[in-house]
Structure formats: C-alpha cells, structure tokens
Amino acid sequence: MSALDAVRARQSWSKVTDQAPSRDELLRLVSAAGRVADHSSLRPWRLIELRGADRETLGAAISKAEGDRSPSSKPLRAPLLIAVVASYRKSEKVPRWEQEAVASGVAHMLSLLLDEAGYGVLWRTGHYTRSKAVAKAHGVGKNEELLGWLYVGGKPEGKKPGRRKPVDARALVTRMPKSTKKEKSTKKEKSATK
Ligand SMILES: Cc1cc2nc3c(=O)[nH]c(=O)nc-3n(C[C@H](O)[C@H](O)[C@H](O)COP(=O)(O)O)c2cc1C
C-alpha cells in the first residue's frame with residue numbers, strides 16, 4: 001500500500017476488539033513513526049504503554065481528577081492505550097511549540113501505521129488529560145505534558161468505516177494576501193526614492 005493509499009484509508013475506530021498489537025509489533029511501528037521531521041533531532045517525546053490493570057490505574061486517576069467516587073471505566077474501552085507524552089528538551093533553537101508538534105506528529109504517524117497494520121485506533125483526550133492525578137499515575141515529569149492516549153484494538157469484523165467529510169483542499173490551500181505583497185513593494189519603492 002502506498003503512503004497515499006494508507007492515509008486515504010485511515011479512519012478512527014471508536015469501538016475496538018480485544019486484539020492488540022504485541023509489544024514487539026508496537027516497537028517496530030514506533031521506530032518508524034519516530035522518523036517524523038524533528039528539529040535538531042531532540043526526540044521530544046515518549047510513549048507509555050498501558051495494558052491490563054494499568055488501565056484501571058488510569059481509571060482511578062481519572063475519577064480522582066473529576067471528583068468522582070467510582071473509577072472511570074473509560075480506559076477499558078480498548079486493550080491497549082498508548083499515552084503520548086511531549087518531553088520538552090532544553091534548546092535555544094527549538095521552542096516548546098515545535099517540540100509539541102514533533103510529539104503530535106509521532107502520534108499521528110503511529111496511528112496511521114497501526115491502522116495500516118490492521119488495528120483500530122482513536123486518539124482520545126478529556127478535561128482530565130493534564131490533571132495532577134493523571135500526570136502522577138503516568139510518572140509525567142516537570143518538563144513533560146500528556147497529549148492524550150491512542151486507544152488501540154482490533155477492527156470489529158463487518159463494520160464499515162463511517163463516512164468522513166471530504167477535505168476541501170482548494171479552500172484550505174491559499175496564497176498570501178495580496179495587500180501584504182503590495183504593502184511590501186510600496187515600502188521598498190518609497191525607500192528607494194528617498
Ligand atoms: C489531540 C486529539 C484529541 C482528540 N480527542 C478526542 C476525544 O477525546 N474523543 C473523541 O471522540 N475524539 C477525539 N479526537 C478525534 C478522533 O481521534 C478522530 O480523529 C475523530 O473522531 C475523527 O475521526 P477520523 O480520524 O476517522 O476522521 C481527538 C483527536 C486529536 C488529534
């Protein structure tokens with residue numbers, strides 16, 4: 001499958017089966033996903049694999065963050081959750097937003113590769129994503145931030161992908177505003193005649 005075909009075929013799966021990729025399978029895909037463009041190769045990200053009872057630990061942290069009495073069952077919706085962590089490195093050249101863009105890029109790329117490998121993925125967040133309780137449960141450090149979780153499992157048989165709104169590339173790919181170009185050239189002309 002070409003990259004173009006894989007991207008066109010990808011879709012999110014809100015309901016997945018118990019079939020999850022093995023750790024080795026996941027690691028192979030993560031090494032590929034980590035090849036996204038990365039200014040100064042800082043590798044400003046890491047992933048946390050949550051399986052089995054880890055998901056209950058997350059459920060308890062979510063309920064603590066939300067002030068609920070009973071543990072949240074949300075993390076049990078998939079057999080594997082991959083927490084995406086932006087790990088900001090000290091850099092004069094690469095600001096935090098660029099580092100977050102890299103971490104986010106890895107998550108998107110990994111979602112695509114998992115989808116192509118036959119797994120259903122949904123990137124999820126919630127109000128609790130950056131709460132203290134949730135950070136503590138994951139061991140998120142001072143210079144780190146959670147970007148949410150990739151919920152991963154098997155694609156249910158017989159389920160067809162939902163309809164997605166087409167992407168109107170014509171509306172989304174534009175040129176610079178004409179006035180800006182004009183302003184720039186008049187400024188240049190004025191300074192030339194001085
Ligand atoms: C950072 C991020 C957080 C998201 N959080 C949620 C979420 O909490 N719940 C949800 O239903 N979709 C969430 N989404 C959207 C889904 O992952 C998915 O992209 C969306 O449902 C559209 O489906 P599609 O990917 O098949 O187009 C999130 C996406 C991103 C990039």
### Query
Under 7 Å by Cβ, and 6 or more places apart or on different chains, what pairs join a residue from the range 8-23 that is more than 15 Å from Asp115 (Cβ to Cβ) with one that is at pLDDT 95 or above and part of a loop (DSSP other than H, G, I, E, B)?
Asp18/Pro79
#### Entry: Among (1) more than 16 Å from the ligand (Cβ to nearest atom); (2) under 26 Å from Arg130 (Cβ atoms); (3) open to solvent by 70 Å² or more (accessible area, probe 1.4 Å), the one test that Ser14 misses
(1)
#### Entry: Total residues in the range 99-132, condition of a type in the set (D, E, K, R) and buried (at least 18 other Cβ atoms within 10 Å of the Cβ)
1
#### Entry: Residue match in the range 17-28 (condition: within 16 Å of the ligand (Cβ to nearest atom), on the phi < 0 side of the Ramachandran plot, within 19 Å of the chain's Cα centre (by Cα) and open to solvent by 50 Å² or more (accessible area, probe 1.4 Å))
no
### Task
Say whether the condition of being of a type in the set (Gly, Ala, Ser), touching a residue at least 60 places away in the same chain (Cβ under 8 Å) and either open to solvent by 10 Å² or more (accessible area, probe 1.4 Å) or touching a helix residue (DSSP H, G or I) at 6+ places or on another chain (Cβ under 6 Å) (or both) is met by at least one residue in the range 78-85.
yes
### Task
Can you run down the residue pairs with Cβ atoms below 7 Å, 6 or more apart or on separate chains, where the first is in the range 96-124 and under 17 Å from Arg8 (Cβ atoms) and within 12 Å of the ligand (Cβ to nearest atom) and the partner is part of a helix (DSSP H, G or I) and open to solvent by 40 Å² or more (accessible area, probe 1.4 Å)?
Leu112/Val7
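Residue by residue, here is whether (1) of a type in the set (Ser, Thr, Tyr); (2) assigned to a helix (DSSP H, G or I); (3) over 18 Å from Leu147 (Cα atoms) holds:
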residue	(1), (2), (3)
Ala6	no, yes, yes
Pro21	no, no, yes
Leu26	no, yes, yes
Val30	no, yes, no
Val36	no, no, no
Arg46	no, no, no
Glu49	no, no, no
Arg55	no, yes, no
Leu58	no, yes, no
### Message
Scan the range 169-183 and tell me whether some residue there is over 15 Å from Leu47 (Cβ atoms), aliphatic (A, V, I, L, M) and open to solvent by less than 30 Å² (accessible area, probe 1.4 Å).
### Response
no
### Message
Looking only at residues that are over 24 Å from Gly118 (Cβ atoms) and exposed (fewer than 10 other Cβ atoms within 10 Å of the Cβ) in the range 140-166, which one is farthest from the ligand (Cβ to nearest atom)?
### Response
Lys142
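The values are calculated or read from the model by the stated rules, or taken from the named source; none is laboratory data. Computed from a predicted structure; not experimentally measured. We place every Cβ from the backbone using ideal geometry, glycine too, and count neighbours over all the protein chains shown. Ligands, DNA and RNA are excluded from the accessible area calculation, which covers all protein heavy atoms including side chains. Shrake-Rupley method; radii C 1.70, N 1.55, O 1.52, S 1.80 Å.
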